[in-house]
Structure formats: C-alpha cells, structure tokens
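Novice: Before anything else, here's the structure in question.
The values are calculated or read from the model by the stated rules, or taken from the named source; none is laboratory data. All values derive from a computational prediction rather than experimental measurement. Neighbour counts run over all protein chains shown; Cβ positions are idealised from the backbone, glycine included. Side chains included, ligands, DNA and RNA excluded: accessible areas come from the protein's heavy atoms. Shrake-Rupley method; radii C 1.70, N 1.55, O 1.52, S 1.80 Å.
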Amino acid sequence: MPIVASYHYIIGPVVAIGAVGVLVLLSRWAFGTGAAVVRRPAAAGPHDFGLLTPVATVSGRGKALALRRALAAGDVRATLAAAESPGDVHVLVFHTELDRARVLLDNAGR
C-alpha cells in the first residue's frame, strides 16, 4: 500500500486550511487600517451637489417650483434641494446648462 494513500484524509483539510489562511492574510492586508491601497474619495459637504450647480436660491418651495417650471419651458432640466437655511430651496441645474439657465431666469424676471 502506498504511503500517500494513507495520508489522503489529512492532505485535503491541510490544503483547505492553508488556502483559508492565505485568504485571511490577503483580506487583512487589503482591508486593514493601515495605508489605503485605493484612494478614498473626499467626503461630500453640504455644498456638494455632484454634477449639479445651484442657479438660484429662493425662500419657499412655491417660488422654487415656479423657477423650475420656467427652466423646463426652456428645455433646461432642473431639480430642487433644501438649502442650509430653513425654508430656503436651491434650484439646481447641470453645469453644462448653467449659462442657458441664468439667461432664462433673467428673462423670467427672477
């Protein structure tokens, strides 16, 4: 009887435990509290709207909705976001449409 055949019940678990050990070490290295492998994005602040830019800040949701309707009539996509001051609302547009939105709002008598 070959020697390897008598140890085959032990070789499988030893290989499995070794593989798990390697995975644990790689995980500790990748997700450890040391220096980050991947640079983390900056934390978003209250003025960070991503791809959107505030074109106007008005007091009251009704006024903001009226401005959004005026922008929609000029084919400018807009959305609303609460401002830092209670009751104030930001009207947000994409940065590429900012100039056109300002012109539309100036013509609407903002």
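Novice: Which residue is nearest to Gly60 (Cα to Cα), if the candidates are limited to the range 92-110 and must be assigned to a helix (DSSP H, G or I) and open to solvent by less than 60 Å² (accessible area, probe 1.4 Å)?
Specialist: Leu105
Novice: What single numbered condition from (1) in a strand (DSSP E or B); (2) of a type in the set (Val, Ile, Thr); (3) exposed (fewer than 15 other Cβ atoms within 10 Å of the Cβ) fails to hold for Val89?
Specialist: It fails just one condition, (3).
Novice: Moving to a separate point now. Condition test on Ala66, is it more than 26 Å from the chain's Cα centre (by Cα) and surrounded by 11 or more Cβ atoms within 10 Å (Cβ to Cβ)?
Specialist: Judged against the criteria, Ala66 is a match.
Novice: OK, next. Can you find a residue in the range 48-66 that is farther than 16 Å from Leu104 by Cβ, part of a loop (DSSP other than H, G, I, E, B), touching a Pro at 6+ places or on another chain (Cβ under 9 Å) and not small (Gly, Ala, Ser)?
Specialist: The answer is no; no qualifying residue exists.
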